[in-house]
Amino acid sequence: MDRHVALVGLPAVGKSSVARRLGRALRAEVVDLDAEIVRRDGRSVERIFAEEGEAAFRALERAELQRVLARRPAVVVSCGGGVVLDPANRAALSAHARVVWLDASDEALLARMEKSHTVRPLMAGDDPAERLARLRAERGPLYEEIADATVEVDRGDADTSTRAVLAVLGTGSGTGREVRETRTP
Ligand code: S3P
């Protein structure tokens, strides 16, 4: 693998589970950006948000992304949903990684969030659908801007999604945009 592979997309789309599978398939190390931040800082994402606010978390995230993208050999990195908010992160990802945007409908994402144990400070509150719609409106264009490929993962499990990502990675240089949808087998 000559370049890093970075997975981006809204919370709960399945970046971490697809990244683990991709790492196995590509024989590359898998890095979960949030997990690295937590490991280095010693606090959970939830605590960092609660004690220091989002801006402090974003600063840690930016520094961690730089470290990860400087690694050799290339890794598969699963990024927190908000990584694209920072223009410097977008530039770094575009320059050093093949970026795959995993996307799913709001309906599918909300259903996954309900089942998930991950605490997501930006999704906390009594109207998750409204929050998610806002995140999509704000970030959709940013994912689009840096994605070399988009994989729709509405249907199918993590293995199906992983196969779809491997397929887009296997097609050419990773420049130009390709959209692939997962289908239930
Ligand atoms: C965030 C998403 C989270 C985590 C943090 C902020 C966001 O990661 O980085 O809570 O801004 O969307 P996931 O996308 O893995 O939930």
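Looking at this structure, is L85 surrounded by 22 or more Cβ atoms within 10 Å (Cβ to Cβ) and closer than 23 Å to P141 by Cβ?
no
Of the residues that sit in segment 122-160 and are in a loop (DSSP other than H, G, I, E, B) and in contact with a helix residue (DSSP H, G or I) (Cβ under 7 Å, 6 or more places away or on another chain), which one is modelled with the highest pLDDT?
The extreme case among them is V153.
I'd like to check something: does segment 88-102 contain any residue that is within 21 Å of L166 (Cβ to Cβ) and in contact with a Phe, Trp or Tyr (Cβ under 8 Å, 6 or more places away or on another chain)?
yes
Picking from V84, V76, which residue would you name as being assigned to a helix (DSSP H, G or I), touching a residue at least 12 places away in the same chain (Cβ under 8 Å), closer than 18 Å to D148 by Cβ and more than 8 Å from the ligand (Cβ to nearest atom)?
V84
Report whether or not L132 is touching an Asp or Glu at 6+ places or on another chain (Cβ under 6 Å) and within 12 Å of the ligand (Cβ to nearest atom).
yes
Mind listing just one residue for me: the one in segment 21-45 that is in a helix (DSSP H, G or I) and away from the ligand (no atom under 13 Å from the Cβ) and, of those, surrounded by the fewest Cβ atoms within 10 Å (Cβ to Cβ)?
For segment 21-45, the residue satisfying everything is R39.
The values are calculated or read from the model by the stated rules, or taken from the named source; none is laboratory data. Predicted model, so just to flag it, every value in this text is computed and none were measured. Backbone-built Cβ (ideal geometry, glycine too); neighbour counts: all protein chains shown.
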